[in-house]
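The values are calculated or read from the model by the stated rules, or taken from the named source; none is laboratory data. Remember, it's a predicted structure, so these values are computed and weren't measured experimentally. For neighbour counting, all protein chains shown are included, and Cβ atoms are generated from backbone atoms with ideal geometry for every residue, glycine included. In case anyone asks, the SASA skips ligands and DNA or RNA and just uses the protein heavy atoms, side chains included. Shrake-Rupley method; radii C 1.70, N 1.55, O 1.52, S 1.80 Å.
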Amino acid sequence: MPRLLVLFAHPRLEKSRANRALVQRLPQHKHITFHDLYEHYPDFNIDVRREQALVAAHDILVLHHPFFWYSVPPLLKQYIDLVYSFGWAYGPGGTALKDKYCFHVLTSGGNEQAYTPEGFHGHTLHDFLLPLKRTATLCGMRWLPPFAVQGTHRMGDAGLELAAEQLALLLTDLAETRIDAASLSMLDRLNDHEPITR
């Protein structure tokens, strides 16, 4: 069975109703590891070797974060910069990430309509994720579409609860091999996955 590593990064989790709801509902499963980067590295002093060993022990990387200025929070960016190193993740001999699946779980205050060519931000979510997608594919990873919880500023408790349940079912289906990760690449967003776990 595949092992999932949830790399969680939120610099002010105490202020985030949406991310708290998602994290609280993450399944307790022997094949799912939750790793809070800000809890482990409040000083940004990342133990690269430890993190590389953790990544190597998993098959699917789940980068869970709020969408900060159309990208990831600073600690997660630093994590990518340091852990995905030359000679390990890419370049000569750099095959440690090859064929691992990768996707983002992200939250945004702006709603889905705001992330369209006609919307407030003028681009799609996929447009903004392109640098992260290219980073992953450069390292030989298999990129999957994001699981996106959007419009969180105005989302009620019921909406957050539904999103948290959808995410929990998706991760459980992956961990239990009820779905083939490759089949998810055809979706626009992983939110469109029809859960098999009940």
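How big is the charge dipole of the chain about its Cα centre, in debye rounded to the nearest 20, if each Lys and Arg gets +1 on its Cβ and each Asp and Glu gets -1 on its Cβ? All intermediate terms of the calculation are to be shown ahead of the outcome.
Numbers: 19 positive and 21 negative charges, 62 e Å.
Value, rounded to 20: 300 debye.
Between the stretch 52-68 and the stretch 119-196, what is the separation of their alpha carbon centroids in Å?
Value for the Cα centre distance between the two parts: 14 Å.
Among P11, P117, P145, whose mean-square fluctuation peaks in a Gaussian network model of the chain (Cα, cutoff 10 Å)?
P117
Please compute the per residue accessible area over the stretch 73-112 with all protein chains in place, 1.4 Å probe, rounded to a whole number of Å².
For the stretch 73-112, the per-residue accessible area is 40 Å².
Run through the DSSP bridge list for the chain and note the antiparallel percent, rounded to the nearest 5.
5
Which Rg and Dmax, in Å, describe the Cα atoms of the chain?
Cα-based Rg and Dmax for the chain come out at 16.1, 49 Å.
How many percent of the accessible area of the stretch 112-152 is carbon or sulfur, using a 1.4 Å probe?
Within the stretch 112-152, the accessible surface is 57 percent carbon and sulfur.
How large is the helix-only mean residue ellipticity at 222 nm for the chain, computed as the sum of -39500 (n - 2.57) over DSSP H runs with n ≥ 4, divided by its residue count, in deg cm²/dmol to the nearest 500?
Roughly -9500 deg cm²/dmol at 222 nm, from the helical runs in the chain.
Over the chain, how many pairs of lysines fall under 26 Å by alpha carbon, counting only those 8 or more apart in sequence or from different chains?
Summing the qualifying lysine pairs gives 8.
Given a 1.4 Å probe and the protein chains all in place, what does the accessible area of L26 round to, in Å² to the nearest 10?
Approximately 20 Å² of L26 is accessible to the 1.4 Å probe.
Checking understanding here: applying a Kyte-Doolittle mean of at least -0.5 and a length along the axis of at least 24 Å (C-alpha), which whole DSSP H helices in the chain pass?
Going by DSSP H runs, the hits are 157-175.
Given H placed 1.01 Å from N in the peptide plane, which residues other than close sequence neighbours of V149 have an amide H under 5 Å from its amide H?
The list, which skips near neighbours in sequence, is L106, T107, S108.
Charges on Cβ only, +1 for Lys and Arg, -1 for Asp and Glu, centred on the Cα centroid of the chain; of H31, T124, A89, which one is farthest towards the dipole's positive end?
Positive-end residue among those listed: A89.
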